[in-house]
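S.K.: Okay, here's the structure, questions in a sec.
The values are calculated or read from the model by the stated rules, or taken from the named source; none is laboratory data. Bear in mind the structure is a predicted one, so any value in this text is a computation, not a measurement. Cβ coordinates were reconstructed from backbone atoms using ideal geometry, including for glycine residues, and neighbour counts include every protein chain displayed.
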Amino acid sequence: MSRIVEIERTIFQDLMKKKWFGEDFEFISYEVDPLRKLEQLKNSDMIFVSFNLKNDNNVVKKHIFVKFEPKDEDIKRVVFMGNQFYNEIYCYESILPFLMKEEDVFTNFPKFYSGSNNPNSRFVVLEDISEFGYKMTNDFMSMDLDHVKLTLTQLGKFHAMSYAAKLKHPKEFFTKVTNTLMECNWVNGKDGVCHIQVLVKSTFERTVESLRNKYPDEIKQFFDLINKKEFFLDLVKPEEPISVVCHGDFVSNNMMYRYSEDGNPEGVKFIDLGMVRYSSPIIDISLYLWFNLSIENRSLHWEELLQVYHNSLSTTFDNIRVPSFVEIKREFCRKCVYGLIHTLYSIPIRSTITGENDYDFLKFIKAESPDKLQDLMNTVGGKKGTDLLTELMADFFENWYLESICTHF
């Protein structure tokens with residue numbers, strides 16, 4: 001079945017039944033834009049649709065974005081797409097409405113219209129926020145501080161809603177977020193292998209030759225940790241009272257920005273909630289600051305940026321107890337390795353913009369064994385990728401290692 005036929009048979013019927021756009025709108029026709037796509041969402045099939053609707057004799061256009069589960073069985077299996085679609089739909093249908101039911105202080109997600117977890121037709125339907133001027137940034141590896149401060153301010157508001165909900169409705173909160181979301185990263189596939197763990201280990205190995213003389217003990221300890229899947233699971237295990245509902249994949253390619261006339265970022269929306277989890281707020285913060293900030297900017301500004309986040313976190317609600325800045329800073333130093341881990345395997349992939357050993361998504365997905373996957377990861381991005389990885393690990397060993405790693409021994 002083509003995606004267009006699928007839309008007509010399922011999504012249009014849901015639109016008419018649930019009156020997505022309101023009782024007073026009458027459906028006239030639709031148009032599909034086959035040329036538009038979001039390059040960063042490679043794991044899903046996407047279609048942009050415009051609806052022509054009638055309201056009091058006026059014709060109104062409404063724009064939506066439909067994200068389908070890919071048809072390729074290997075993609076679905078390796079990246080646990082069923083889990084991701086379940087999480088995203090559950091978050092939009094249950095968690096976000098609960099968090100925002102009393103005080104709608106956070107509107108930084110697209111409007112959700114519909115979703116399906118039917119294994120034969122999984123999809124999510126959202127408003128097309130590009131209609132309101134939102135677009136993705138191309139500067140993934142070194143975002144400027146204006147983007148970062150805006151993003152962390154909005155993240156603080158989002159996390160604050162969890163603390164408010166835990167205080168006001170603790171029983172309902174924990175019922176909705178405990179044991180209801182599905183793990184998508186640190187889980188073994190049908191072959192018994194955790195593929196992300198393979199990626200982390202193989203990319204770290206690329207740095208060892210250059211760093212072994214200066215950091216021999218650190219390298220051995222880090223290898224010992226990443227060889228245990230329990231290490232990764234412990235990092236994301238909820239701890240009270242600091243845990244919040246996290247986006248879970250909080251990187252710039254899961255955000256869209258709106259800009260002022262002079263080109264400054266003035267708004268941001270968070271998208272792609274397939275990795276949402278209940279965990280430490282540092283899961284989101286560390287991933288964002290490692291994935292999207294240069295080493296120099298992170299070293300110079302990390303405390304300032306944590307303060308930006310905390311100012312927003314602590315002022316979103318009155319009379320709601322949130323972690324102090326000292327507690328957030330301590331938690332960041334303890335768990336920032338989470339951001340490093342995910343940035344490790346993403347750096348050589350992103351460094352293929354240099355043209356060295358380009359990243360072929362399907363080749364990675366269809367790797368016949370963990371050894372084949374490791375071979376691919378050892379070369380992608382070429383020398384540029386290895387150099388960037390080495391700089392990343394040297395900075396971590398030099399500036400973050402003692403507080404972030406030694407606590408795990």
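S.K.: For the stretch 79-105, which positions are touching a residue at least 60 places away in the same chain (Cβ under 8 Å) and in a loop (DSSP other than H, G, I, E, B)?
M.R.: Val79, Phe80, Met100, Glu102, Glu103, Val105, listed by residue number.
S.K.: With respect to Gly248, determine if the residue is closer than 25 Å to Ile89 by Cβ and of a type in the set (Gly, Ala, Ser). Even if it seems obvious, please write down each step before you answer.
M.R.: Working: closer than 25 Å to Ile89 by Cβ: yes; of a type in the set (Gly, Ala, Ser): yes.
Yes.
S.K.: Give the residues of the stretch 249-264 that are of a type outside the set (Phe, Trp, Tyr), buried (at least 19 other Cβ atoms within 10 Å of the Cβ) and touching a residue at least 40 places away in the same chain (Cβ under 8 Å), sorted by residue number.
M.R.: If the condition is that a residue be of a type outside the set (Phe, Trp, Tyr), buried (at least 19 other Cβ atoms within 10 Å of the Cβ) and touching a residue at least 40 places away in the same chain (Cβ under 8 Å), then Val251, Ser252, Asn253, Asn254, Met255, Met256 are the ones that fit.
S.K.: Could you check, for the stretch 136-144, whether at least one of its residues is over 26 Å from Met81 (Cα atoms), in a helix (DSSP H, G or I) and of a type in the set (Asp, Glu)?
M.R.: Checked against the condition, which is being over 26 Å from Met81 (Cα atoms), in a helix (DSSP H, G or I) and of a type in the set (Asp, Glu), the stretch 136-144 yields no hits at all.
S.K.: Please specify each residue of the stretch 194-240 satisfying the condition of being exposed (fewer than 15 other Cβ atoms within 10 Å of the Cβ) and either touching a strand residue (DSSP E or B) at 6+ places or on another chain (Cβ under 9 Å) or not in a helix (DSSP H, G or I) (or both).
M.R.: Residues satisfying the conditions are Arg212, Asn213, Lys214, Asn227, Lys228, Lys237, Glu239, Glu240.
Here's the yes/no breakdown for (1) among the basic types (Lys, Arg); (2) at pLDDT 90 or above:
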{"site": "Phe325", "(1), (2)": "no, yes"}
{"site": "Ile341", "(1), (2)": "no, yes"}
{"site": "Lys366", "(1), (2)": "yes, no"}
{"site": "Phe396", "(1), (2)": "no, yes"}
{"site": "Ile405", "(1), (2)": "no, no"}
{"site": "Phe409", "(1), (2)": "no, no"}
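S.K.: Right, something else. Tally up the residues in the stretch 241-278 that are charged (D, E, K, R), assigned to a loop (DSSP other than H, G, I, E, B) and in contact with a Lys or Arg (Cβ under 9 Å, 6 or more places away or on another chain), please.
M.R.: Of the residues in that region, 1 qualify.
S.K.: Is it fair to say Leu289 is closer than 16 Å to Thr153 by Cβ, out of contact with any strand residue (DSSP E or B) (no Cβ under 9 Å at 6 or more places or on another chain) and either part of a helix (DSSP H, G or I) or touching a residue at least 60 places away in the same chain (Cβ under 8 Å) (or both)? Working first, answer last.
M.R.: Numbers: closer than 16 Å to Thr153 by Cβ: yes; out of contact with any strand residue (DSSP E or B) (no Cβ under 9 Å at 6 or more places or on another chain): yes; either part of a helix (DSSP H, G or I) or touching a residue at least 60 places away in the same chain (Cβ under 8 Å) (or both): yes.
In short, yes.
S.K.: Another one. Checking the conditions here, which among Lys111, Lys76 is touching a Pro at 6+ places or on another chain (Cβ under 8 Å), charged (D, E, K, R), modelled with pLDDT of 80 or more and not assigned by the TED database to the domain that holds His147?
M.R.: The match here is Lys76.
S.K.: Select from the stretch 91-108 the residues that are surrounded by fewer than 20 Cβ atoms within 10 Å (Cβ to Cβ) and either among the hydroxyl-bearing types (Ser, Thr, Tyr) or within 27 Å of Lys17 (Cβ to Cβ) (or both) and list them in ascending order.
M.R.: Passing the criteria: Glu93, Ser94, Leu96, Pro97, Phe98, Met100, Lys101, Asp104, Thr107.
S.K.: On to the next question. With the structure loaded, tell me whether Lys62 is farther than 30 Å from Glu304 by Cα, free of Cβ contacts under 8 Å to residues at least 12 places away in the same chain and surrounded by 14 or more Cβ atoms within 10 Å (Cβ to Cβ) or whether it fails that test.
M.R.: Taking the combined requirement at face value, the residue does not satisfy it.
S.K.: Please find, within the stretch 43-59, the residue that is surrounded by the fewest Cβ atoms within 10 Å (Cβ to Cβ) out of those that are farther than 13 Å from Phe123 by Cα and not hydrophobic (A, V, I, L, M, F, W, C).
M.R.: Here the residue is Asn57.
S.K.: Next up: In the set Asn319, Asn311, which member is over 18 Å from the mean Cα position of the chain (by Cα), farther than 22 Å from Met393 by Cα, surrounded by fewer than 16 Cβ atoms within 10 Å (Cβ to Cβ) and at pLDDT below 95? Explain how you work it out, then say what you get.
M.R.: Details: Asn311 fails: at pLDDT below 95.
After applying the criteria, what remains is Asn319.
S.K.: Is there any pair linking a residue in the stretch 292-318 that is in a helix (DSSP H, G or I) to one that is among the acidic types (Asp, Glu), with Cβ under 6 Å and at least six apart or on different chains, and which?
M.R.: Ile295/Asp395
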